[in-house]
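Working notes for the structure below.
The values are calculated or read from the model by the stated rules, or taken from the named source; none is laboratory data. All values derive from a computational prediction rather than experimental measurement. Neighbour counts run over all protein chains shown; Cβ positions are idealised from the backbone, glycine included. SASA here: full protein model, heavy atoms, side chains in, ligands and nucleic acids out. Shrake-Rupley method; radii C 1.70, N 1.55, O 1.52, S 1.80 Å.
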Amino acid sequence: MLMLQEFRDFIAKGNVMDMAVGIIVGAAFTAIVTSLVNDLINPIIGLFVGGIDFSGLAFRIGEGENAGVFAYGNFLTALINFLIIAWVVFLLVKGVNRVKDAASRKEQPVPGAPAGPTQEELLTEIRDLLKAR
């Protein structure tokens with residue numbers, strides 16, 4: 001029963017709900033970034049590298065039907081896609097941070113008139129006036 005209570009308390013915390021929302025938004029964002037990479041960026045890269053498809057690059061390890069295939073081309077394709085996705089996400093995060101910084105600069109109070117005396121300064125002034133009597 002104690003473990004069930006701990007689990008219920010864990011689920012009831014706001015952090016878990018924030019994490020769930022983050023995962024759902026992340027999954028949707030993954031679809032957008034994957035489409036961006038596959039449909040927009042990869043064709044442009046294909047123009048520069050002459051349309052080379054790395055996925056067919058492989059060599060056999062051993063002989064016969066049970067020979068293993070070392071498909072390094074698929075790994076290269078996955079690596080290139082990862083680097084492209086990481087770069088796009090970096091640029092998006094950098095853009096969002098720039099917008100947040102601009103918004104926070106607008107919210108900062110404009111330095112205006114100098115602040116009045118502190119409580120200690122007022123009490124010291126009152127003390128000095130009372131002494132002067």
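Quick notes
- Ellipsoid equivalent to the chain - semi-axes via the Cα gyration tensor, in Å: 62, 27, 15
- Here the accessible area of the chain is 68 percent carbon and sulfur, with a 1.4 angstrom probe and all protein chains present.
- Here the Karplus curve 6.51 cos²θ - 1.76 cosθ + 1.60, taken at θ = phi - 60°, turns the phi angles of the stretch 122-132 into couplings of 5, 5, 5, 5, 5, 4, 5, 5, 5, 5, 5 Hz, with x standing for Gly and Pro.
- Three semi-axes of the equivalent ellipsoid, the stretch 30-102, Cα gyration tensor, whole Å, largest first: 35, 14, 9
- Taking label positions 7 Å along the Cα-Cβ direction at both Val69 and Val88, the computed distance is 2.7 nm, reported to one decimal.
- Accessible area (Å², per residue) of the stretch 1-46, counting only protein heavy atoms and a probe of 1.4 Å: 81 Å²
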